[in-house]
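The values are calculated or read from the model by the stated rules, or taken from the named source; none is laboratory data. Please read these numbers as outputs of a predicted model, since none were measured by experiment. So basically every Cβ, Gly included, is an ideal-geometry build from the backbone, and we count neighbours across all protein chains shown. Please note that ligands, DNA and RNA were not included when accessible areas were found on the heavy atoms of the full protein model with its side chains. Shrake-Rupley method; radii C 1.70, N 1.55, O 1.52, S 1.80 Å.
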Amino acid sequence: MAENLNFDTLNTPGAVFFIFGATGDLAKRKLFPAIYSLYREGKLSEDFAVIGVARRPRTQDEFRQDVYSSIQEFGRYRSDLNAEWDAFAQHFEYKSLDINDIDGFRELREQTEQLEAKYEIPGNRLFYLALAPELFGSVSFNLMKGGMLDGAGWNRLVIEKPFGYDLESAAKLNEEINQVFKEEEIYRIDHYLGKEMVQNIEVIRFANAFFEPLWNNKHIANVQITLSETVGVEERGGYYDHAGALRDMGQNHMLQMLTMIAMEPPSRLLPEDIRDEKVKVLRSLRPYASSEEVADHVVRAQYTKGSNGSKELPAYREEDKVNPESNTETYFAARLFVDNFRWAGVPFYIRTGKRLPVKTTEVVVEFKRMPGNVYLGQKHSLEPNLLVIRVNPMEGLYVKINAKKPGSESEIEPVAMDFCQSCLVGINSPEAYERLIHDAARGDHTYFTRWDEVATAWSFVDKIAQSWRDNQGPLENYPAGSWGPQQADALLEKDGFHWWPVNGQDEDKVIWTKS
Ligand SMILES: NC(=O)C1=CN([C@@H]2O[C@H](COP(=O)(O)OP(=O)(O)OC[C@H]3O[C@@H](n4cnc5c(N)ncnc54)[C@H](OP(=O)(O)O)[C@@H]3O)[C@@H](O)[C@H]2O)C=CC1
Ligand SMILES: O=C1O[C@H](COP(=O)(O)O)[C@@H](O)[C@H](O)[C@H]1O
């Protein structure tokens with residue numbers, strides 16, 4: 001059936017939401033709490049149902065109890081839950097099913113039709129695959145064979161990352177899914193695109209007269225994107241040791257953030273127009289031509305034993321389910337260039353790592369310095385202006401400008417104009433998963449990644465991975481709890497820049513005046 005797009009309205013149309021992987025970690029920590037927040041905020045219409053699907057047996061009551069506990073533990077509105085629980089819980093059902101079992105899908109179809117009749121749901125079905133990626137193809141196929149796609153309304157497939165391991169595997173996966181779902185029915189999650197401040201990048205850029213005209217290589221010296229995490233690999237050692245930081249964070253979240261910073265203004269604010277502009281940025285990324293270039297532009301490293309000040313932290317190779325001789329990177333930093341007229345010559349520095357001292361996601365846009373030989377520049381070493389976009393966990397904006405030191409004749413010092421959004425909105429800022437589930441249910445693709453974006457990002461990343469596979473470029477070490485290897489600093493120093501301190505970094509060590 002043709003899609004009826006209504007993403008201008010707040011309410012989702014009536015639909016059944018299927019959570020495949022309903023007994024898993026993602027469902028517990030993110031998906032159930034997100035659905036409750038949408039319900040609590042009146043964004044879900046009353047005619048909705050949720051069917052949790054996984055193999056292990058659960059009675060309806062046990063499953064509802066799981067949902068309750070998950071919202072109690074992770075939900076934004078946990079304190080309101082008891083008053084609304086009975087009304088909310090009756091929308092939830094469970095189906096024990098192995099995704100390879102076609103008969104199970106036929107039973108699921110009956111269960112779905114009963115719920116659709118009960119809530120007068122017009123046959124709209126949203127399938128959220130919170131499953132290992134190896135299962136995506138089979139689920140899609142069995143949904144079709146089991147008659148789950150024959151309803152009267154739309155069908156949408158929401159898929160978690162990772163979408164493949166490299167371009168080849170991603171293309172194969174895409175082909176499998178495309179045998180069942182059309183591109184416009186597929187919603188590939190990159191949860192960073194659901195974050196408030198990542199979505200705000202567009203507004204900051206295109207709704208402000210003092211940023212838009214300066215957003216190019218004439219005025220911007222470099223851009224720095226940092227995604228630092230304090231956690232190690234926790235229970236995900238098996239997955240992570242296979243993936244590493246480049247695939248886990250680089251191919252998706254970091255490149256997606258870069259596209260938001262670098263894209264041209266779309267001609268219309270429609271999903272395809274925005275995604276067209278984003279994919280053009282990915283296509284303009286200068287590929288590394290050789291392993292030497294990779295070694296010159298990309299630093300990889302792994303954490304060794306260390307400490308976070310109060311606790312000893314194990315080395316990566318000592319983590320659960322990690323190969324004790326692993327050469328997987330837990331950190332990488334890279335210098336990228338977007339080869340188009342707007343960005344020619346402007347380096348984009350990106351870095352991410354586990355077991356760094358601070359959990360933070362920030363974008364720093366460093367503007368070019370004022371000319372040194374005129375007016376104030378003659379007497380002072382003026383600092384560059386910075387625009388800092390704080391994404392996570394603090395949300396806000398920070399602009400660094402030069403101003404006269406109060407009381408002095410002519411001393412100039414850098415001062416900050418700091419807008420702390422999270423100080424105002426606090427924990428009530430919607431979670432990324434709330435926005436994304438809401439958008440998918442309304443048929444809005446804007447903040448989901450289209451296949452050509454995914455493919456182009458993989459083809460860029462694959463060259464780095466290939467070079468590392470061929471053992472080109474050393475694997476550096478950094479102690480857990482530190483800011484990563486010195487080589488990541490050298491990457492910027494070669495160009496006359498340095499990493500600006502991120503939020504939460506020890507202020508004593510902040511060097512605003514480093515030249
Ligand atoms: N957890 C997180 O924070 C994040 C997860 N992701 C992605 O989300 C997906 C799910 O992750 P996560 O929840 O952590 O994984 P878990 O291992 O915790 O959960 C996997 C789920 O899949 C179900 N399952 C496994 N095999 C089958 C099968 N043959 N038939 C039916 N159900 C099956 C399991 O239930 P049962 O054993 O009962 O069958 C379980 O509910 C993965 O792709 C992951 O990469 C992405 C970003 C963050
Ligand atoms: O996708 C992933 O993201 C998380 C970090 O997400 P955040 O929203 O907490 O910043 C990361 O820990 C994980 O390894 C990766 O798979």
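Non-local amide H neighbours of residue 161 (under 5 Å, H modeled in plane, Pro and chain starts lacking H): which ones?
Under 5 Å from the amide H of residue 161 lie the amide H atoms of 189, each far enough along the sequence or on another chain.
Can you give me the long-range amide H partners of residue 94? Hydrogens built in the peptide plane at 1.01 Å from N, cutoff under 5 Å, separation of 5 or more residues or another chain.
Residues meeting the criterion, in which the H sits 1.01 Å from N, are 52.
Stokes-Einstein at 20 °C, 1.002 mPa s, Kirkwood radius from Cα pairs: D for the chain in µm² s⁻¹?
On the way: Rh = 24.6 Å.
Roughly 87 µm²/s, to the nearest whole number.
If the only charges are +1 at each Lys and Arg Cβ and -1 at each Asp and Glu Cβ, what is the size of the charge dipole of the chain around the Cα centre, to the nearest 20 debye?
1120 debye
State the answer as a single residue: which of 323, 242, 491 lies farthest towards the positive end of the charge dipole of the chain, with beta carbon charges of +1 for Lys and Arg and -1 for Asp and Glu, about the Cα centre.
The listed residue farthest towards the positive side: 491.
With a probe of 1.4 Å, find how much accessible area the chain has per residue, and write the answer as a whole number in Å². Write out the running numbers ahead of the final one.
On the way: 22220 Å² over 515 residues.
Value returned for the chain: 43 Å² of accessible area per residue.
Given an 8 Å cut-off on Cα distances and at least 6 residues of separation, report the relative contact order of the chain as a percent.
18 percent
Measure off, as a whole percent, the carbon and sulfur share of the 1.4 Å-probe accessible area of the stretch 7-160, all protein chains present.
On the way: 2830 of 6310 Å².
In the stretch 7-160, the share of accessible area belonging to carbon and sulfur is 45 percent.
Quote the charge dipole size of the stretch 111-202 about the Cα centre in Debye, to the nearest 20; the model charges only the Cβ of Lys and Arg (+1) and of Asp and Glu (-1).
Details: 9 positive and 16 negative charges, 40 e Å.
With only Lys, Arg, Asp and Glu charged at Cβ, the dipole is about 200 debye.
If amide H atoms are built 1.01 Å from N in the plane of the peptide, which residues on other chains or at least 5 residues away come under 5 Å of the amide H of residue 477?
Correct list: 302.
Cross-link partners among aspartates and glutamates for residue 280, C-alpha distance below 13 Å, same-chain residues fewer than 8 apart left out?
264, 272, 339, 452, 453
Can you compute 3J(HN,Hα) from phi for each residue in the stretch 184-193, using the Karplus curve 6.51 cos²θ - 1.76 cosθ + 1.60 with θ = phi - 60°, rounded to whole Hz and x for Gly and Pro?
6, 9, 9, 10, 8, 6, 10, 5, 5, 6
Pull up the cross-link candidates among the aspartates and glutamates for residue 95, meaning alpha carbon to alpha carbon under 17 Å and not fewer than 8 places away within one chain.
Filter leaves 61, 62, 66, 103, 107, 110, 113, 116.
Which Cα, out of 36, 63, 159, lies furthest along the positive dipole direction of the stretch 7-160 (beta carbon charges, K/R +1, D/E -1)?
Positive-most Cα among the choices belongs to 159.
List the lysines whose Cα sits under 23 Å from the Cα of residue 321, skipping any in the same chain fewer than 8 residues away.
28, 161, 305, 311, 354
What's the longest uninterrupted piece of the chain once you rule out the GluC sites (Glu not before Pro) that are loop residues per DSSP with at most 12 other Cβ within 10 Å?
Excluding the exposed sites themselves, the longest stretch runs over 121-233.
Only helical DSSP H runs with n ≥ 4 go in: add -39500 (n - 2.57) per run for the chain, normalise by residue count and round the 222 nm mean residue ellipticity to 500 deg cm²/dmol. Can you show the working numbers first?
On the way: 16 runs with 169 residues, N = 515.
Value at 222 nm, helices only: -10000 deg cm²/dmol.
Using a Förster distance of 25 angstrom, determine the FRET efficiency expected from the C-beta separation of residue 29 and residue 423, and round it to 0.05.
Working: r = 25 Å, r/R0 = 0.99.
For R0 = 25 Å, the calculated efficiency reads 0.50.
Under a Cβ-only charge scheme (Lys and Arg +1, Asp and Glu -1), can you give me the dipole magnitude of the stretch 7-160 about the Cα centre, in debye to the nearest 20? Before the final figure, lay out the partial values.
Values: 18 positive and 24 negative charges, 76 e Å.
Once rounded to the nearest 20, the dipole reads 360 debye.
Enumerate the helices in the chain for which the Kyte-Doolittle hydropathy averages -1.0 or more and the C-alpha atoms extend at least 24 Å along the helix's axis, using complete DSSP H runs. Spell out each step's value before the answer.
Values: long enough: 102-119 (26 Å, -1.28); 451-469 (25 Å, -0.33).
What comes out of the filter, once short or polar helices are dropped, is 451-469.
Tell me which of 179, 211, 307 sits at the most positive position along the dipole axis of the chain, charges placed on C-beta atoms (Lys, Arg +1; Asp, Glu -1).
Going by the charge dipole, the pick is 211.
Tabulate in residue order the Karplus-calculated ³J(HN,Hα) for the stretch 291-301, using 6.51 cos²θ - 1.76 cosθ + 1.60 with θ = phi - 60°, rounded to whole Hz; enter x for Gly and Pro.
4, 5, 5, 4, 4, 6, 10, 10, 10, 10, 7
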